[in-house]
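**Q** The structure is given below, and queries will be raised subsequently.
The values are calculated or read from the model by the stated rules, or taken from the named source; none is laboratory data. Because the structure is a prediction, the values reported are computed rather than measured. No Cβ is skipped: glycine too gets one built from the backbone with ideal geometry, and neighbour counts run over all protein chains shown. For the accessible areas, the whole protein counts, side chains as well, though only heavy atoms, and no ligand, DNA or RNA atoms are used. Shrake-Rupley method; radii C 1.70, N 1.55, O 1.52, S 1.80 Å.
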Amino acid sequence: MEEMSYTGYLLMICIMSFSLILWTILFQQDKRIKTNKSFKTNLDNVYAIGDVASPPWLAHKASHEGISVAEQVAGLKVHPIKKDRIPACTYCDPEVASIGLTEREAIENGFDFKIGMFPFSANGKALAMGYEYGFIKTIIHKATGEFLGVHMVGMGAVSYTHLTLPTSDLV
């Protein structure tokens, strides 16, 4: 009995179907797919996550969005993603990490805040490990004491981002 392969035809049909779906999905002016807060597009049962939908363009953000969509499809209760609580991490030497608002964004949003600066040279562990260069800058709401933003440069900075989240965001 002779085996037959339809892979090429199936692939072509999938691509054609996908092209038809894309043709009817609404795009924003910056060429991103338009979604609501639940990642739904204008088409029933079609979602968009990750880089095609919205910044920040980070793998861990896209993964969380994918989990959120899967939970929605399964009928589970889904918590909204707070994009200002997504850490941005750059693995380089020195490491760079940030979470929340920048100083400029805090000003633009009208927050009354204070700035805290802490040099790594004042950290005993950093000195013992030979990483005295770097700093942590905090932007803190004056009235509530809540972190509005944290920005770090230095060895291990990426590892510290989770320490800046309010505990209410961790549940």
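**Q** Does at least one position in region 69-79 carry a residue that is at pLDDT below 85, closer than 22 Å to SER54 by Cα and not polar (S, T, N, Q)?
**A** So far as region 69-79 goes, yes, one or more of its residues are at pLDDT below 85, closer than 22 Å to SER54 by Cα and not polar (S, T, N, Q).
**Q** Another question about this same structure. Given the condition open to solvent by less than 20 Å² (accessible area, probe 1.4 Å) and closer than 16 Å to GLY100 by Cα, answer yes or no: does some residue in region 128-141 qualify?
**A** So far as region 128-141 goes, yes, one or more of its residues are open to solvent by less than 20 Å² (accessible area, probe 1.4 Å) and closer than 16 Å to GLY100 by Cα.
**Q** Does GLU95 meet the test of being at pLDDT 80 or above and out of contact with any His (no Cβ under 8 Å at 6 or more places or on another chain)?
**A** Here the answer is yes, as GLU95 does meet what is asked.
**Q** Could you please find all residues in region 27-53 being closer than 23 Å to ILE99 by Cβ and either touching a helix residue (DSSP H, G or I) at 6+ places or on another chain (Cβ under 8 Å) or not in a loop (DSSP other than H, G, I, E, B) (or both)?
**A** Once the filter is applied, which keeps residues that are closer than 23 Å to ILE99 by Cβ and either touching a helix residue (DSSP H, G or I) at 6+ places or on another chain (Cβ under 8 Å) or not in a loop (DSSP other than H, G, I, E, B) (or both), region 27-53 yields ARG32, PHE39, ILE49, GLY50, ASP51, ALA53.
**Q** Please find, within region 88-98, the residue that is least open to solvent (accessible area, probe 1.4 Å) out of those that are over 10 Å from LEU58 (Cα atoms) and either touching a residue at least 12 places away in the same chain (Cβ under 8 Å) or in contact with a strand residue (DSSP E or B) (Cβ under 7 Å, 6 or more places away or on another chain) (or both).
**A** So the residue we want is ALA97.
For (1) under 22 Å from PRO94 (Cα atoms); (2) not aromatic (Phe, Trp, Tyr), each residue gets a yes or a no:
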{"residue": "ILE107", "(1), (2)": "no, yes"}
{"residue": "PHE111", "(1), (2)": "no, no"}
{"residue": "ALA122", "(1), (2)": "yes, yes"}
{"residue": "ALA128", "(1), (2)": "yes, yes"}
{"residue": "TYR131", "(1), (2)": "yes, no"}
{"residue": "ILE136", "(1), (2)": "yes, yes"}
{"residue": "LYS142", "(1), (2)": "no, yes"}
{"residue": "PHE147", "(1), (2)": "no, no"}
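**Q** Just the residues that are open to solvent by 100 Å² or more (accessible area, probe 1.4 Å) and of a type in the set (Lys, Arg), please, taken from region 66-87.
**A** LYS77, LYS82 - these are the residues of region 66-87 that are open to solvent by 100 Å² or more (accessible area, probe 1.4 Å) and of a type in the set (Lys, Arg).
**Q** Residue by residue through region 45-65, note down the ones that are open to solvent by less than 30 Å² (accessible area, probe 1.4 Å) and modelled with pLDDT under 85.
**A** Result: ALA53, SER54.
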